[in-house]
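Remarks on the structure that follows.
Every read-out reported here was derived from the displayed coordinates using simple, explicitly stated rules and does not represent laboratory data. Predicted model only: the values in this text are computed from it and were never measured. Reconstructed Cβ throughout: ideal geometry from the backbone, glycine too, with neighbour counts over all protein chains shown.
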Amino acid sequence: MNALKKDLKRNYSLYLIFLPTVIFFVIFSYGPMVGLLMAFQNYKPQLGFFRSPFVGFKHFQDFFQSYYFWRLLKNTFLISFLDLLVGFPLPIIFALLLNEVRGKFFKKSIQTISYMPYFVSMVVVCSLVNQFCSQNGAITQLWSMITQNEPASLIAQPQFFRAIFVGSNVWQSLGYNSIIYIAALASVDQELYEAAVIYGANRWKQTLHVTLPGISSTIIILLILRCGQLLNVGYEKIILLYGPSTYETADVINSFVYRKGLQEFNYGYSAAVGLFNSVISFILLMTVNKISAKVSDTSLF
């Protein structure tokens, strides 16, 4: 205790700097965890957290036995997996290609243009997607020309929803997600490239044997974090794009929680579904992190 008091006195300025971060997480991360009680209650707002009737695991049982369980799990996993499969390697490839550009002005211009979609409002992005994929939209017309079929709204067809969602995600986040890889590439020791040239390595072999190993730890850490979010598909974009006609392939756990909680006011049930999603995401994160630590000696902790 005395040691803590001495440390507080000696480094009080550092603790003051750290204090806003602590307050932020207490208010917005740890405080709301009290709401997890709703998952085990027939929650009534007028009764509050501590007086609402306790129902145990009833909401979980109802969810596991419902028609929606496997559909939600399948849709959430497929959309997340496709987004990971396409959206994770593309920023790496983009950063590697950009790293090969020698013209500074051209390089900076490409970087700036690629970052711009990320800062466009999600509502605007979804409006653009709906316009381009509507019956008279440019993408729909192009698809109609390729397939020689009558134009029909792509966004309203279940079989196209996942491709549209993943494609728009890639367009919006490609440049922004490449920033960390571009920064990692800048830290690769240039003497390694010089040594590789002496041994006769061309640009492709330099990429394979110098560049990629140099940024491998960054790639692995980000992959672990992405795997931890595998079942956490953002509901904002989903609810702005989907409709009853595409629920079959578009409805995910988070959008289901939104409908049950905020539209049907079934707070306990939606809290149980959300808690289930969080627990599975935590297990995935820990599992992937453990595997990574054994295979590559790189892990989050």
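Observations on the model:
- Most fluctuating residue given options ILE220, ILE198, ILE92, as computed from a GNM of the chain linking Cα atoms under 10 Å: ILE198
- Once exposed loop trypsin sites (Lys or Arg not before Pro) are cut out (DSSP; at most 16 other Cβ, 10 Å), longest piece of the chain: 103-301
- Helix-only [θ]222 nm of the chain, DSSP H runs n ≥ 4, -39500 (n - 2.57) each, per residue, nearest 500: -20000 deg cm²/dmol
- For region 29-49 and region 75-147, distance of Cα centres in Å: 39
- Cα gyration tensor, region 105-212 - rounded (a/c under 1.5), prolate or oblate: prolate
- Sites LEU73 and MET33, calculated FRET efficiency, Cβ-Cβ separation with R0 25 Å, nearest 0.05: 0.55
- Signed unit charges on C-beta, dipole axis of region 149-301, positive-most listed residue GLN229, VAL288, SER216: VAL288
- Candidates GLY56, GLY103, GLY234, ranked by Gaussian network fluctuation over the chain, Cα under 10 Å, top entry: GLY103
- Long hydrophobic helices in the chain: the complete DSSP H runs spanning 24 Å or more by Cα along their own axis with mean Kyte-Doolittle hydropathy of at least -1.0 are 68-87, 158-177, 267-296.
- A Gaussian network model of the chain, with springs between Cα atoms under 10 Å, assigns the largest mean-square fluctuation among ASN266, ASN11, ASN75 to ASN11.
- For LYS290, a cut-off of 29 angstrom between C-alpha atoms picks up these lysines, skipping any fewer than 8 places away in its own chain: LYS74.
- Partners for LYS205 among lysines (Cα-Cα distance below 30 Å; same-chain residues under 8 apart left out): LYS104, LYS107, LYS108, LYS294
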